[in-house]
Structure formats: C-alpha cells, structure tokens
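To start, the structure under review is shown below, and the notes come after it.
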Amino acid sequence: MSLKDQINADIKAAMLAKEKEKLTALRSIKSMILLAETEKGATEEISEDAEMKLLMKAAKQRKDSADLFREQGRDDLADKEEGELEVINHYLPKQLSEEDLKAELQKVIAQVGATGPQDMGKVMGAASKALAGKADGKSISIMVKTLLG
C-alpha cells in the first residue's frame, strides 16, 4: 500500500473517530503529496524516496515551528505542532539512537577515508544518502563534527 493510500485510509478513520488534530496533520501530508504529484514534470505517482523526503520535510517544519513557539511562550501553538509531528513520525522509519548513529557514521567515515574536519563535506554527502529517513541532517552534522574534530 502506497503512502497516499495509507494516508487516505487513515483520514477516513480519523474522521470516523472525530480526531481533529490527527485529521489536520493527515490532510497536510496528503496536500504535500498531491502538490508533489501535480508539480510540473512530475510523473503520476511519486516514488517512495520522494514520499520519504516529503515526510522528513514536514517533520522538520513542525519541529522548527514548535521550537520557535516555545521560545516565544506560545505553548498552545507548540503543543499543536508537536501533536502533528507525532502523527507524521508514525509514517517515518524509526529514528536511530545516538549510539547507532555514531556507529553508522564511523562506518561512513571509514568508507570515504576522512581524516579530519576538512573532510566534513565528503562525509556529510555520503552520510546523508546512507541515513536518509533514519536521522535528521542536524543530528548527523553535529555527530560528524564531534567525530572528525
């Protein structure tokens, strides 16, 4: 079952269960998928990789918004964003723990032959591809800096 079909089924279930917050998050995901499908030059169905990128983007937007709202003392809005983030995270693969991320990055560093901070670009390129969907770019970047530094 594709992500779009899964989202449509979950929207129906959320409507029947009258789960407003979940419904809002699901509709935003569906909107992003439909926009990607109707983009100029797009094929009818988007690939799983593109779906994953859309979900990662949506999750990052919600996380950044929630952080910003917390800084500004708007806990009501931050809670709403975090609720939507939980729904989005349900469709993303399980995120790597810090120890697992460190182990995976050490493998990538060994593969590209990085020796110091000057090789950060090479490591980030390879790590971003290898860990797509399993860790966000910010945590990868921080861990790479500590490992190469």
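None of the figures in this text is laboratory data; all of them are computed from the coordinates on show. Keep in mind that this is a model prediction, so the values were computed, not measured. Virtual Cβ from ideal backbone geometry, glycine too; neighbours counted across all protein chains shown.
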* Quick one: check the C-alpha center-to-center distance for region 1-27 versus region 135-149, whole angstrom. => 34
* Can you list residues whose amide H is under 5 Å from residue 46's amide H, if they're 5+ apart or on another chain and H is modeled 1.01 Å from N? -> none
* ³J(HN,Hα) computed for each position of region 126-140 - Karplus, 6.51 cos²θ - 1.76 cosθ + 1.60, integer Hz, glycine/proline x -> 5, 5, 4, 6, 5, 10, 4, x, 9, 7, 7, x, 5, 5, 4
* All other residues with a Cβ under 10 Å from the Cβ of residue 61 taken together, and with Lys, Arg as +1 and Asp, Glu as -1, what is their net charge? -> +1
* **On Cα atoms only, tilt of 48-71 relative to the major axis of the chain in degrees** => 90
* Asked: Between their Cα atoms, which of 40/134; 30/138; 94/129; 94/145; 94/138; 22/57 are more than 21 Å away from each other?
  -> 40/134; 30/138; 94/145
* Asked: Fully extended, how many nm does the chain gain between residue 48 and residue 95 (0.36 nm per residue separation, minus their Cα-Cα distance)?
  -> 15.2 nm
* Taking the chain as the reference, fit the longest principal axis to its C-alpha atoms, fit the long axis of helix 3-17 to the helix C-alpha atoms, and give the angle between the two in degrees, 0 to 90, nearest 10. => 50
* Give me the compactness ratio for the chain, meaning the Cα radius of gyration over 2.2 N^0.38 Å. => 1.22
* Spin-label zone in region 1-22 - amide nitrogen under 12 Å from a point set 7 Å from the Cα of residue 37 along the C-beta vector -> 2-9
* Estimated distance in nm for a label pair at residue 74 and residue 106, the labels positioned 7 Å out from Cα along Cα-to-Cβ -> 4.3
* **Average Cα contact separation per residue, the chain, under 8 Å, 6 or more apart, as relative contact order %** => 19
* Structure fact -> When the charge dipole of the chain is computed with +1 at the Cβ of Lys and Arg and -1 at the Cβ of Asp and Glu, the Cα pointing farthest to the positive end, of 146, 6, 26, is that of 146
* Asked: Roughly how many nanometres apart are two label points built 7 Å out from the Cα toward the Cβ at residue 17 and residue 115?
  -> 5.5
* **Dipole moment magnitude, nearest 20 debye, region 3-91 about Cα centre, only Lys, Arg, Asp, Glu C-beta charged** => 220
* Where does helix 98-112 land angle-wise versus the long Cα axis of the chain, in degrees 0 to 90, nearest 10? -> 50
